[in-house]
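Worksheet: one structure, shown below.
The values are calculated or read from the model by the stated rules, or taken from the named source; none is laboratory data. Here the structure is a predicted model, which means the values were calculated and not measured. Note that each Cβ is placed from the backbone with ideal geometry, even for glycine, and that neighbours are counted across all protein chains shown. Ligands, DNA and RNA are stripped out before the accessible areas are found, and what is left, the full protein with its side chains, is counted by its heavy atoms. Shrake-Rupley method; radii C 1.70, N 1.55, O 1.52, S 1.80 Å.
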Amino acid sequence: MDAKLLLEQLFPAGQRVDFDGQYFSGTGQTADGEVAVIGTTDAAAIGVELAFRIAGQVLEIVRSHPRRPILLLVDTQGQRLSRRDELLGINGYMAHLAKCIEVARRAGHRVIGLVYSQAVSGGFLASSMLADTCYALPEAEVRVMNLPAMSRITKIPVERLQDLSQLSPVFAPGVENYLRMGAIAELWQGDLAACLEKALAAAVGHDARRDRGLARQGRLLAGPVAERVRHGGA
Amino acid sequence: METLKFEYRGGRPCNPAQASALAGVVGSGNLEILVEQEPLNGACAVEVVTAAVGFGAIWQAVLDDFFARHPLADVRISINDVGATPAVVSLRLDQAVNAFLGGTA
Amino acid sequence: MTQSYYEASARERLAAVLDPSSFQEILPPSARVTSPHLRQLDTPAAFDDGIIVGEGRLDGQPVLAAAQEGGFMGGAVGEVHGAKLVGLLERALDTRPTAVLLLVESGGVRLHEANAGLIAVSEVMRAVLAVRGAGIPVIVLDGGQFGCFGGMGIVARLCDTVIISEEGRLGLSGPEVIETTCGVEEFDSRDRALVWRTVGGKHRTLLGEAGELVADATAAFRAAAIRALALTPDLSLEALEREHAALGQRIERFGDCHDAVDIWRALGIEAPERLPLLEAADFNTITAGKRA
């Protein structure tokens, strides 16, 4: 879905969002008050400048608008692949963004992620996946790598990967797989404004993704293994 | 992938320094070997999971040699292999058993 | 004789960095908590899934420690591997050790279980921040053969400090990935000198991405880790604003630099092209006070 259309559907009561290239930020009106919006469009590759800009906006919200909920609408093909980005320490910029989101959370901001178009590997890791809860539209694409590229690197025939992806959510692209594995809490359909208000009203708690993955039978080991290490004898 | 099982009898009970020991890493041309004490009615049981299919006879020969060097009883040996050569396999077996019996990993 | 950290296995690193015989592993190989997904793809599994987690002591202080084994799938993170790391970090919330040590060596997410790995890295990120939020420092040691890339490159920079050797590389997309995707003219991954001065420990230290450059010796990593035990985590808004200002300056000052040597020159280091040849001690002397 187009970002502007999405914003209209999320905030029928009104919104003020400025677009600058692939970046946008602003506020939207909900029944419970204003929500800060930060996002990207056109499957933006997240390089140092974009990560820095999003992080700066998160800090600005924490500083100027205590407890205002933050909605991340990041459309990304992943991290920008370039020697320059590596030279400048792009992983440090991604980590900085993650820390800023954590600071917001600790300061009492609800942080909600909505994958409305694409979410790929590093760009997804440093943004929506750091939200308290991440949601997606049904048509969204979520992946680490497509199967042909995965086949080249792992040397496993693509036909075999395609067959197995019918049985297991563990490696193949697809929002349904991330739903089953617990990383996506729910798909938003129909009245998006109502979906957002419900999400804003939901309780904030611990990282519940493992529990969801287990309950949905998509990720059976993550929760039990982590629990064994946490509580087991050395 | 292939799973091979071997069992040796006539070994001597041992007094290991630790209940289990590990040698090696599951990487190309390498393998990991886990040696554990376990009541097996005096047997030494070996299970090999290997990425290289069709080398059963070579494994048999390498393990026969190993058991001749270290006739162990009530020991389970578990191997994850990624195409290690017989020389590497023998080296890792000795490292694992030395750690198991001698206590230095 | 000095023991190379680079050449050592993950188990050897743990044994050498922590106090002698102090390490107690949780879910050791005999527990056989392996990846079912690898077997499904006809790929050999490891009894520890490529990561060792447990409790030990460092300079007499109780610590939790994890070590990734690069020899197994490049230290890549799968479901079990990631869950062991998450569980260890959460254990720190209960047992409150003096610090958590992460001996990282990872290419990032394990493609054979890519979705599980990506989600696991994200859970590790949240867990690292929770541990630091509880006032417990998380210390990264990076000096292995595979460096620290992908999601683990982000994880490393969420921690209190990164102790690195020149050999220990740190980044997001590995040079091979960039070359494969963008072409050899963008990044020639076989040009080792280029790779090391772009993502190697010296450049990371000069940028401020790593806290301390050490020689490739387990004893040097141990000594630096002991020094790092004194760190106090700071996830305050003020701390993040300072970091934000520094990262903004980095883009302004070095955004047009073509090569790491240009950045080193801009930092005021004389004859920067000699830096790759220096031993860690000489490097630290010459660059003292000139880091970004």
How far apart, in nm, are two points set 7 Å out from the Cα along the Cα-to-Cβ line at C:L93 and at A:K4?
4.3
Mind listing which GluC sites (Glu not before Pro) in segment C:39-139 are in a DSSP loop and have 12 or fewer other Cβ atoms within 10 Å?
none
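For a quick check of your reading of the filter: which GluC sites (Glu not before Pro) in segment A:135-174 sit in a DSSP loop and have no more than 13 other Cβ atoms within 10 Å? Let's see the in-between values first.
On the way: sites: A:E139, A:E141, A:E159; in loops: A:E139.
Passing both the DSSP loop test and the Cβ count: A:E139.
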Inter-part distance where segment C:119-164 and segment B:42-86 are each reduced to a Cα centre, Å
38
Quick one: among A:Q162, A:Q118, A:Q22, which has the greatest mean-square fluctuation in a GNM of chain A with alpha-carbon springs under 10 angstrom?
A:Q162
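Report the local net charge at A:F19: Lys and Arg +1, Asp and Glu -1, summed over other residues whose C-beta lies under 14 Å from its C-beta. Walk me through the numbers on the way to the answer.
Details: positive: A:K4, A:R16, A:R53; negative: A:D2, A:E8, A:D18, A:D20, A:D42, A:D75.
Here the charged neighbours net out to -3.
Mind checking the mean number of beta-carbon atoms from other chains within 10 Å of the Cβ atoms in C:81-88? Could you put the intermediate results ahead of the total?
On the way: counts 1, 4, 12, 5, 2, 9, 11, 3.
Mean inter-chain Cβ contacts per residue within 10 Å come to 6.
Rounded, prolate or oblate: pick one for segment A:101-234, where a ≥ b ≥ c are the square roots of the eigenvalues of its C-alpha gyration tensor, a/c under 1.5 means rounded, and failing that, prolate if a/b is larger than b/c, else oblate.
The shape class here is oblate.
Counting other Cβ atoms within 10 Å of each Cβ, which GluC sites (Glu not before Pro) in segment C:188-280 have at most 12 and sit in a DSSP loop?
Values: sites: C:E209, C:E212, C:E238, C:E241, C:E243, C:E252, C:E270, C:E273, C:E279; in loops: C:E209, C:E270, C:E279.
Filter output for segment C:188-280: C:E270, C:E279.
Nearest 500 deg cm²/dmol is fine: what mean residue ellipticity at 222 nm does chain A get from its DSSP H runs of n ≥ 4 alone, each adding -39,500 (n - 2.57), divided by its residue count?
Helix-only estimate at 222 nm: -12500 deg cm²/dmol.
Taking R0 as 51 Å, what FRET efficiency do you get between C:A271 and A:E227 from their Cβ-Cβ distance, rounded to the nearest 0.05?
Numbers: r = 55 Å, r/R0 = 1.07.
That pair, C:A271 with A:E227, gives E of 0.40.
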The protein assembly as shown, accessible area per residue, ligands and nucleic acids excluded (1.4 Å, Å²):
37
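Based on alpha-carbon positions alone, could you give the equivalent ellipsoid semi-axes of the protein assembly as shown from the gyration tensor, as √(5λ), descending, whole Å? Let's see the in-between values first.
Working: eigenvalues 350, 169, 101 Å².
In descending order, the three semi-axes are 42, 29, 22 Å.
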More than 26 Å apart: what percent of Cα pairs in chain C qualify?
43
Quick check: the distance between the Cα centres of segment C:225-255 and segment A:170-234, to the nearest angstrom?
31
Ranked by GNM mean-square fluctuation in chain C (Cα springs under 10 Å), the top entry among C:C159, C:C148, C:C182 is C:C182
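So for chain A, averaging the separation of alpha carbon pairs under 8 Å that are six or more residues apart and normalising by length, what relative contact order in percent results?
Values: 420 pairs, mean separation 35.4, N = 234.
Worked out over chain A, it gives 15 percent.
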Given a Förster distance of 30 Å, report the FRET efficiency between B:S90 and A:I153 from their Cβ-Cβ distance, rounded to the nearest 0.05.
0.40
Any idea what diffusion coefficient segment B:2-102 gets from Stokes-Einstein, in µm²/s, Kirkwood Rh on alpha carbon pairs, 4 °C, 1.567 mPa s?
98
Modelled label-to-label distance, C:E252 and A:D163, 7 Å Cα→beta-carbon offset: nm?
5.9
On average, how many beta carbons from a partner chain sit within 10 Å of the beta carbon of a residue in A:40-50?
1
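Work out the FRET efficiency for A:E139 and C:E176 from their Cβ-Cβ distance, taking R0 = 41 Å, and round it to the nearest 0.05.
Values: r = 33 Å, r/R0 = 0.80.
Efficiency, rounded to the nearest 0.05: 0.80.
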Along Cα→Cβ, 7 Å out, is where each label goes; now give me the distance between the ones at A:N146 and A:H65 in nm to one decimal.
3.7
Using a Gaussian network model on chain A with a 10 Å cutoff between Cα atoms, which of A:R212, A:R16, A:R67 fluctuates the most?
A:R16
Could you tally the net charge around A:I38, taking each other residue with its Cβ under 13 Å from the Cβ of A:I38, Lys/Arg +1 and Asp/Glu -1?
-2
For the C and B pair, go ahead and give the buried accessible area with a 1.4 Å probe, both sides summed, in Å² to 100.
1200
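In segment B:2-102, what % of DSSP beta bridges are antiparallel (nearest 5)? Can you show the working numbers first?
Numbers: 19 of 27 bridges.
The answer is about 70 percent antiparallel.
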Around C:V195, under 14 Å between beta carbons, what's the net of Lys plus Arg minus Asp minus Glu among the other residues?
-2
